[in-house]
Structure formats: structure tokens, C-alpha cells
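Here's the structure we're looking at; comments come further down.
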Amino acid sequence: MCAAHSPSKQFYLRVSRTKTSWTARRPSGTVTGVSAAPLRPAATQWYARPSARNWRCSAPPATAFDFHTALPGYLPTPLWELPALASELGVGRLMVKDESSRLGLPAFKALGVWWAAAHVVADRAGLTRPLTLDALCAATSRLSLTLVTATAGNHGRALARVAAQLGLRAHIFVPEATSPAAAMAIASEGATVTTVAGSYREAVEQAGRACAARPDAELVQDTAWPGYEAVPARIVEGYATLLHEVDAQLLDTGCRPPGLVVVPVGVGSLAQAVVGHYRSRKAKPPPAILGVEPAAAPCILESLTARELRTVPTGSTNMVGLNCGTPSSLAWPSLCAGLDAATTVHDQAATRAAADLERLGVSSGPSGAAALAGVRCALTGRGNAHRRSQLDVGSDSVVVLLSTEGSAAVGNDLAA
Ligand SMILES: Cc1ncc(COP(=O)(O)O)c(C=O)c1O
């Protein structure tokens, strides 16, 4: 983008927030689009602490939104209304935030990466704020810098893409379970890819060590640990853009604010953005926020239940982006205080949810569709009346699912 930004910029579409309708109603397809068999949430876990809904925090900075909307190619992602799912779940309106195409990539991750990489460059080059792409590109032409990260797929591809667009190098560490196709997708963005003999956690450690040894390298990791929190904080600020879009899209269609927001969870950085967004406003009643993890990697649910940050052993799962064993240390305090519900889902349920969304016209991979699988566990099946009352969800509630990736996202070649 840096190299090409002047001549080609004029061809990108800029969208005015006020003039464009972002919300669409999918042809309902009634229940025909949705699998008929009721979900059996065998051995999924459930956590609820309704008092967390009343926890309040100060509003996170909204400056990332202005930066993102000025990027060439920026468009808000759609918010689809799916009446067939609303009727299946017994709620008033069901909206799906569709992140299958975000800044040219099939997952939401570029939002965090752009904002964090912009700050990394600005700090190195001594740029003043507010940040602009032109100033960043002028600065990178004078910098020798490699952006480094570990990834299960989507984050690494986004970092590789953004580094290339800024005219920087990228070095991406992937766990050994990463498929050759996923590694290729990252390498095709121009990055160096190193496979680590071990899990996501070991890949994070190796990326950190590689950076520590190189003054011309900077770690842009989407999880935090004590002593490494500034960059992940920027990533979380970047994710908030999709929530600002949801606010505007709901307003645009005359829809009430959500009563329940459902978010897929890996290390919890996206959920931290969701908690920060909804717990910093005066919405009455405040929405319930439900985090959904794979049954194979329930680090947030286990930590919430224990009321302390826990690492869990992880298994294999088709929800590749959610396969994380340790919560982000930065996300944990917000989630502990402000996340009022969490559940786990099995691979089969995520696969089914992705297929149902596909039939209703929304592209979603298993990690993104975990939101639908999770809300089904919460609002249907045995014990649902109790869970609905814990979430304060009724037949007129507005539910927003964050479908965080499309079926083409990195790693979904293993999902079948
Ligand atoms: C598609 C998708 N959804 C959700 C998440 C979860 O985000 P976090 O790790 O911040 O909880 C990820 C993480 O990589 C992801 O790739």
C-alpha cells in the first residue's frame, strides 16, 4: 500500500457512516435453512455470573475507528438480520456481524493489527498523533523493521499483509499443528514463516525470544503477559471498530440495543474489547455478554470458574483461532469483572453452525460460527429457561452474534 498508495488511492471507495445503509435482512428461508435436529450440548460447560453485567469501566479510546475508516479499502462489514435463527432461538431479532471480508482478509484480525502496527512504527519514528497512513509510510521508508508474531493463522496473515502494505518485513511463527495450506497463506503475503515444534504457546515464546535478540524487530502479539501489554492493548483498541460499526448499524435499522452479545474467545482479547465497549456505557439494561470457547481449550471458562487466571491443556479442534490455553493477562481482569457468561462448544456444533450460516447466506468458519453454536447451547436444550433468565434474554430480545471469520479464513482447510 505504501508503494502504491498515491496513484491507486482514488479508486478505493470511501463510505460515509451516515449515508450508507449497512444492515441487510437475509431472505429468511424460514427454518429450512437451519438444521432441524436439536443440538445435544453433551458435556459442554456453562458459567454465569449475572452481577458482572452491572460492572462499569471507563470508555476505551475511540481513535482507532478514525484511523481505520481513513484506510484505503475500508468498508464496514455487514450486519445481517437472520429471522430464521431468531425464531429457532426464541428471541426478537438475531443479527450476525459478518467479518468474512475485513480490509481484504477473511477475518476481523486486521483491525487490531493495523492499529498496533501503526503505533509500533510511530513510536520508533517519533511520529505525533493522530496517525495517518501517509505519515506512517513516509516513516517506514526510513526504518529497517521486521514485525514478528506467533499465530494460529488469522492474526499472522493479517500482520504479514499489513507489514507488506507498510513496506516492512514480517516473520511469523506457527505451531506445528498448522496445516501447510495455512502456512502457505501466510507466506504468500510475503512473510517468513517458521514452524515451531510445539503448541501456540510455545510459538508465542519462540517469537518473543526471536524478537528479544534483534533490535530491528518488534513483537506484535495479540495476547499479553506481565511485562508485555502495550502492543496487545493497541490490538484490543483496534477491535473496537467493529463494535462501533454494530452500534451505528443497529441505529440505522431502528433496532434496539442488544440484550445479548455473543463472542468467540481464544485468549480473550476480542472479548476484552466487547466488555470494554458495552460496560463503559450507560445502557439500561446492560447487555449480557456470552463468551464461547472450544471444549478442547476452555481457558477463560476455567479461569472464570476458579476466579483466577488458569492455563489449561489444549487438544485439537477445528476452531483453530480459538485454540488457546492461557488467557491474555490484559484481558483477564476485564473478563473476570465484566463477562457474565461463558460456554464451550464441540467441533461438531461449530461445523453445524458454520453450515447453517452458509445456507442462510453468511460465510463463516468454525471459529466464527462458534458464536452461533454457543448461543444455541445457552438458549435451547435442557435447562434453557434457567440460562435465559441468567442472561435476561426474552422473546423480544435483540441478540448480536460476532461471526469473526469467513469460511476462507486461515486454517479452515482442517475444518472439514
Ligand atoms: C476467527 C477468530 N475468532 C475469534 C478469535 C478470538 O480472539 P481472541 O484470541 O482475542 O480471544 C480469533 C483469534 O485468533 C480468531 O482467529
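So which of Pro287, Pro232, Pro298 ends up being over 30 Å from Arg169 (Cβ atoms), buried (at least 24 other Cβ atoms within 10 Å of the Cβ) and within 13 Å of the ligand (Cβ to nearest atom)? Working first, answer last.
Values: Pro287 fails: within 13 Å of the ligand (Cβ to nearest atom); Pro232 fails: over 30 Å from Arg169 (Cβ atoms).
From the options Pro287, Pro232, Pro298, the qualifying one is Pro298.
Hey, any hits in region 93-103 for a residue that's within 16 Å of the ligand (Cβ to nearest atom), touching a Leu at 6+ places or on another chain (Cβ under 6 Å), at negative phi and outside the structural domain of Ala210 (by TED's automatic domain parsing)?
First pass over region 93-103, keeping only residues within 16 Å of the ligand (Cβ to nearest atom): 96-103.
Checking the rest, the ones that are also touching a Leu at 6+ places or on another chain (Cβ under 6 Å) come to 96-97.
Cutting the leftovers down to at negative phi gives us 96-97.
If we keep only those that are outside the structural domain of Ala210 (by TED's automatic domain parsing) as well, we get 96-97.
There is at least one residue in region 93-103 that is within 16 Å of the ligand (Cβ to nearest atom), touching a Leu at 6+ places or on another chain (Cβ under 6 Å), at negative phi and outside the structural domain of Ala210 (by TED's automatic domain parsing).
Condition test on Ala203, is it within 21 Å of the chain's Cα centre (by Cα), farther than 21 Å from Trp115 by Cα and surrounded by 15 or more Cβ atoms within 10 Å (Cβ to Cβ)?
Numbers: within 21 Å of the chain's Cα centre (by Cα): yes; farther than 21 Å from Trp115 by Cα: yes; surrounded by 15 or more Cβ atoms within 10 Å (Cβ to Cβ): yes.
So Ala203 fits the description; yes.
Inside region 338-416, counting only helices (runs of 4 or more DSSP H) that do not spill past its ends, which hold 3 or more residues that are within 11 Å of the ligand (Cβ to nearest atom) and in contact with a Leu (Cβ under 9 Å, 6 or more places away or on another chain)?
Numbers: elements: 347-359, 366-379, 384-391.
Fully inside region 338-416 and qualifying: 366-379.
Condition first: modelled with pLDDT under 95 and surrounded by 24 or more Cβ atoms within 10 Å (Cβ to Cβ). Can you find one or more residues in region 342-363 that meet it? Lay out the reasoning, then the answer.
First, pick out the residues of region 342-363 that are modelled with pLDDT under 95: none.
No.
Tell me the residue from Asp247, Asp216, Asp252, Asp222 that is of a type in the set (Asp, Glu) and within 16 Å of the ligand (Cβ to nearest atom), please. Walk me through it before giving the result.
Numbers: Asp247 fails: within 16 Å of the ligand (Cβ to nearest atom); Asp216 fails: within 16 Å of the ligand (Cβ to nearest atom); Asp252 fails: within 16 Å of the ligand (Cβ to nearest atom).
Sole residue among the options that is of a type in the set (Asp, Glu) and within 16 Å of the ligand (Cβ to nearest atom): Asp222.
Could you figure out which of (1) surrounded by fewer than 24 Cβ atoms within 10 Å (Cβ to Cβ); (2) modelled with pLDDT of 95 or more; (3) within 15 Å of the ligand (Cβ to nearest atom) isn't true of Val262?
(1) is the only condition that Val262 fails.
Run down Leu111, Leu85 and say which single residue is crowded, with 24+ Cβ neighbours inside 10 Å and away from the ligand (no atom under 12 Å from the Cβ).
On inspection, the qualifying residue turns out to be Leu85.
Six or more apart or on different chains, Cβ atoms under 6 Å: show the pairs whose first residue is in region 249-274 and assigned to a loop (DSSP other than H, G, I, E, B) and whose second is surrounded by 24 or more Cβ atoms within 10 Å (Cβ to Cβ) and of a type in the set (Gly, Ala, Ser).
If the second residue must be surrounded by 24 or more Cβ atoms within 10 Å (Cβ to Cβ) and of a type in the set (Gly, Ala, Ser), the pairs left are Val265/Ala271; Val265/Gly291; Gly266/Gly321; Val267/Ser328; Gly268/Ser328; Gly268/Ala331.
Give all pairs with beta carbons closer than 8 Å in which a residue from region 158-170 that is polar (S, T, N, Q) meets a residue that is surrounded by fewer than 24 Cβ atoms within 10 Å (Cβ to Cβ); count only pairs at least 6 apart in sequence or on separate chains.
That search, which allows pairs on different chains as well, returns Gln165/Met1; Gln165/Cys2.
Counting residues that are of a type in the set (S, T, N, Q), which strands (runs of 3 or more DSSP E) fully inside region 109-215 reach at least 2?
Values: elements: 146-150, 169-175, 192-196.
So the answer is 146-150, 192-196.
For region 305-314, does any single residue satisfy the condition of being buried (at least 21 other Cβ atoms within 10 Å of the Cβ) and not in a loop (DSSP other than H, G, I, E, B)?
Scanning region 305-314, I find no residue that is buried (at least 21 other Cβ atoms within 10 Å of the Cβ) and not in a loop (DSSP other than H, G, I, E, B), so the answer is no.
Considering only region 56-67, I want to know if a residue exists there that is under 28 Å from Gly208 (Cβ atoms), in contact (Cβ under 8 Å) with a residue 24 or more places away in the chain, among the small types (Gly, Ala, Ser) and surrounded by 23 or more Cβ atoms within 10 Å (Cβ to Cβ).
yes
Residue pairs, Cβ under 9 Å, 6 or more apart or interchain, first in region 135-153 and more than 30 Å from Glu405 (Cβ to Cβ), second of a type in the set (Lys, Arg). List them.
These pairs meet every condition: Ala139/Arg124; Leu143/Arg124; Ser144/Arg169.
Residue-wise test of (1) under 30 Å from Thr351 (Cα atoms); (2) modelled with pLDDT under 95; (3) not aromatic (Phe, Trp, Tyr).
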position: Trp46; (1), (2), (3): yes, no, no
position: Pro50; (1), (2), (3): yes, no, yes
position: Ala70; (1), (2), (3): no, no, yes
position: Leu75; (1), (2), (3): yes, no, yes
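From the list Arg157, Arg161, Arg102, exactly one residue is at pLDDT 95 or above, farther than 22 Å from Ala207 by Cα and surrounded by 24 or more Cβ atoms within 10 Å (Cβ to Cβ). Which is it?
Numbers: Arg157 fails: farther than 22 Å from Ala207 by Cα; Arg161 fails: farther than 22 Å from Ala207 by Cα.
None of the other options fit; the residue is Arg102.
The values are calculated or read from the model by the stated rules, or taken from the named source; none is laboratory data. Keep in mind the model is a prediction, meaning the values are calculated, not measured. Positions of Cβ are backbone-derived with ideal geometry, glycine not excepted, and every protein chain shown enters the neighbour counts.
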